[in-house]
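Here is the structure we will look at.
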Amino acid sequence: MRDGSGHHPAEKPFAFRGRFFLPLVIAVYGVLFLTRPATARAALLKSGTILLKIIPILMVIILFTAAINYFLQPRRIVRHLGRESGMKAWVLSLFAGLISHGPMYIWFPLLEELRNHGMRDALIVVFFAARTIKIPLLPMMVDYFGWRFTLILSIYILVGAIIQGYLLEIFQQRR
Amino acid sequence: MGRPPFFAVLKKSGIAFAAMVPLLLGVVGLVGIFQVTVTPEILASLFGGNPLADTLTGTLAGAVAAGNPLISYILGGELLRRGISLFAVTAFILSWVSLGVIQLPAEVEIFGGRFTLYRNLLSLIFTIVTALATTFTLLLLS
């Protein structure tokens, strides 16, 4: 995580994240098993199914993270995605958000890694905002809401993603 | 300066991800509970027919919902057929993907409270703005 001075420590000691969060969720399951066992079993089964679905995507993200770290040294990451980065970085973040697959939270570790190497926060916002467009699901959206709706919504989402990134930088500069 | 071997870099990335496992398991566990308890039927029952109130309801319902975005399209199509406004349905399908109440604890832990607050506030505002802009543009074009 960043410190207040804006330095990005490259090496952090190993520490599990969610040390309080996971026990809390387990406790919720415990209460659910005591009060509504059928719901608890169904939720656990659902979670297992989700986990099985996201494991392959996680594997790809780990490989992708390693590839970025291998081919792009931290210095280059800062140059491409840091404060000095230009329009290319914004377009890259938009595009990465568009093609990224799976739930939002599985992208947190990769983005944290890039952020620790100097990626600017605005690009993370752009990435998340662009993810609202799900390319594989566009035909379904057209089927349900029409091509005109899909096209207009997609354009507004992309424009909105860039504006959100800029606004975040303005908020952060005001601090 | 020499580049470290790829396997070493991969191992480092693997270790970094291993540290995230409890956090990810927590989120997945919560998503499971939400998907079982907050059913599409419950979400659909929240809409009353007032375009303004429904737009807000759609945004909030989408934010607490979890699951494949396709479910939001199916549900959105059903809501439209029931006469719920396009404003509300658009806000609903947008916030389903862009806002996530369940993942907030993980987002705070990874990115910090301030960033999470800013991002989610911006996302909330833009969900409503995008829903309004899309619907108004469609109205103008038709």
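Derivation of every value follows stated rules applied to the coordinates shown; laboratory data play no part. Computed from a predicted structure; not experimentally measured. Here Cβ is always computed from backbone atoms with ideal geometry, including for glycine, and neighbour counts include all displayed protein chains.
Quick one: order A:143, B:54 by neighbouring beta-carbon count within 10 Å, fewest to most.
Fewest-to-most Cβ neighbours within 10 Å comes out as A:143, B:54.
Region A:40-56 to region A:133-175: how many Å between their Cα centroids? Rounded to whole Å, the Cα centres lie 29 Å apart.
Helices from chain B with mean Kyte-Doolittle at least 0.5 and a Cα length along the axis of 30 Å or more, per DSSP H: which? Numbers along the way, then the final one.
Values: long enough: B:6-37 (44 Å, 1.80); B:113-141 (41 Å, 1.39).
Membrane-span-like by this rule: B:6-37, B:113-141.
Charges were assigned to the Cβ only: +1 to each Lys and Arg, -1 to each Asp and Glu. The resulting dipole of chain B about its Cα centre is roughly 500 debye. For region A:100-149, a crude dipole built from +1 on the beta carbon of Lys and Arg and -1 on the beta carbon of Asp and Glu, taken about the Cα centre, is about 160 debye to the nearest 20. With the highest mean first, a sort of the peptides A:160-172, A:52-64 on other beta-carbon atoms found within 10 angstrom per residue produces A:160-172, A:52-64. Taken residue by residue and averaged, Cβ atoms of other chains lying within 10 Å of the Cβ of A:147-157 number 5. When only the Cβ of Lys, Arg, Asp and Glu is charged (+1, +1, -1, -1), the dipole of the protein assembly as shown relative to its Cα centre reaches about 700 debye.
Put in order of Cβ neighbour count within 10 Å, fewest first, the listed residues A:88, A:134, B:11 become A:88, B:11, A:134. For the peptide A:103-116, the mean number of other protein chain Cβ atoms found within 10 angstrom of a residue's Cβ is 6.
Backbone geometry of region A:21-30 corresponds, through the Karplus equation with coefficients 6.51, -1.76 and 1.60 at θ = phi - 60°, to 3J(HN,Hα) couplings of 5, 4, x, 5, 5, 4, 4, 4, 4, x Hz, x marking Gly and Pro. Taking chain A as a Gaussian network of alpha-carbon nodes connected by springs under 10 Å, the highest mean-square fluctuation of the residues A:129, A:42, A:66 belongs to A:42. On the basis of the beta-carbon distance and an R0 of 51 Å, residue A:45 and residue B:140 show a calculated FRET efficiency of 0.60.
The count of lysine pairs in the protein assembly as shown whose Cα atoms are under 25 Å apart, excluding pairs fewer than 8 places apart on the same chain, comes to 7. Taking other C-beta atoms within 10 angstrom as a stand-in for reagent exposure, B:136, B:34 fall in the order B:136, B:34, fewest first.
Starting from 0.36 nm per residue, how many nanometres of slack lie between residue B:18 and residue B:39 once their C-alpha separation is accounted for?
Numbers: separation 21, 0.36 × 21 = 7.56 nm, distance 3.17 nm.
Using 0.36 nm per residue and subtracting the Cα-Cα distance, I get 4.4 nm.
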